[in-house]
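To start, the structure under review is shown below, and the notes come after it.
Nothing in this text is a laboratory measurement; each read-out follows from the coordinates by a stated rule. Just so it is clear, the model here is predicted, and its values are computed rather than measured. No Cβ is skipped: glycine too gets one built from the backbone with ideal geometry, and neighbour counts run over all protein chains shown.
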Amino acid sequence: MTSPAPLARHVAIIMDGNGRWAKQRHLPRVVGHQRGVEAVRELVRAAREMGLEALTLYAFSTENWRRPEDEVSALMGLLRRYIIADLDEFVANNVKLRIIGNYQALAPDLVALIEDALGKTAHNDGTTLVIALNYGAQDEIARAAAKAAAKGPITPESIEAELDTAGLPPLDLMIRTSGEVRLSNFLLWQAAYAEMWFTDVLWPDFKPAHLAEALAQFANRERRYGGR
C-alpha cells in the first residue's frame, strides 16, 4: 500500500532553452542567457516563499566548455554579475549558497567571488540554493567512489556520503524545460527515485507558476521506491 507523496523538499532544474528562446526572437544567444538569469532570480525568490529546503540549478556542465569561446565567456560574465547583484539579497533573505562541481577550476576572480558568497551565506538556514557549476554527474560519481574506496568498503551509503550533494535532502523532483526529455549527465545518482516533470516551456519563460504546477503534480503522485 502506498500513500500520497509529501510536499517536495528538494527540487532540481535543468534550465534549457535560452538559445532557442533568443533564436525565435532573432536575438543573439547571449540575450537568451540574460533572460535566463532573470528567470533564475524569480525562481529563487519563489522557492523561498514556497518553503523549498533546496533548489538545485544546472548552470554550467563539464560538457559546456565545448561551446564557442565567446558564449562561454558571456556565461561566466553573467554568473559574476548575478553573484555580485544578488549576494546581499541572499544574506537578507536567509538563502544559503552551495556549489557542486569543480568551481575551483574557473577563473581566479570568479572563484574568489564564489568563495566570498559561500562564506557570507554559510550560516543561513533557509532555502539552500545549489548551483551546479562545471559539474558532470559521471565525474561526481567517479570522484565519490574513489574517496569511498580510500576509506573502506564501497557501498551505496559510502558513495553517497562523498557526493557533492552530501547533507542535502534527497532529490524529490527533477524538472527540465524546453521539451527535452533526458538528464544530460545531471544528478544521475540522486535522481534514482526522483519524480520527473518535463515541460515545453523555454527557460526564460519559466515562471513561479510553472514551478507551482510541478509541485502540485508532485504532491499528487505516489512514490513506491521499487515496491507495490
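Rounded to the nearest 20 debye, the dipole magnitude of the range 1-126 is 400 debye, with +1 charges on Lys and Arg beta carbons, -1 on Asp and Glu beta carbons, and the Cα centre as origin. In percent, rounded to a whole number, the relative contact order of the range 98-224 is 21, using alpha-carbon pairs under 8 Å and six or more apart.
Legend: ranking of residues L202, L57 from fewest to most surrounding C-beta atoms inside 10 Å; resulting order L57, L202.
Placing a pseudo-label 7 Å from each Cα along the Cα-to-Cβ vector at Q104 and R66 gives an inter-label distance of 2.7 nm.
Rounded, prolate or oblate, given the Cα gyration tensor of the chain, with a/c below 1.5 counting as rounded? Cα axes put the chain in the rounded bin.
For the range 116-183 versus the range 1-70, the inter-centroid distance based on Cα atoms is 17 Å.
Shown in residue order for the range 64-70 are the 3J(HN,Hα) couplings computed by the Karplus curve 6.51 cos²θ - 1.76 cosθ + 1.60 at θ = phi - 60°: 5, 4, 6, 6, x, 4, 5 Hz (x for Gly and Pro). Take every Cα pair under 8 Å whose residues are at least 6 apart in sequence, average their separation, divide by the length of the chain, and the relative contact order is 33 percent. Sorted fewest first by neighbouring Cβ atoms within 10 angstrom, W21, W65 come out as W65, W21. The charge dipole of the chain, taken about the Cα centre with unit charges on the Cβ atoms of Lys, Arg (+1) and Asp, Glu (-1), comes to about 380 debye, rounded to the nearest 20. For the range 37-43, putting each phi into the Karplus relation 6.51 cos²θ - 1.76 cosθ + 1.60 with θ = phi - 60° gives couplings of 5, 4, 5, 4, 4, 4, 5 Hz, in residue order, rounded to whole numbers and with x for Gly and Pro.
If a spin label sat at a point 7 angstrom from the Cα of L7 along the line to its beta carbon, the backbone N atoms of the range 103-135 nearer than 20 Å would be those of 125-130. Extension gain for H26 to A146 (0.36 nm times residue separation, less C-alpha to C-alpha distance): 38.5 nm.
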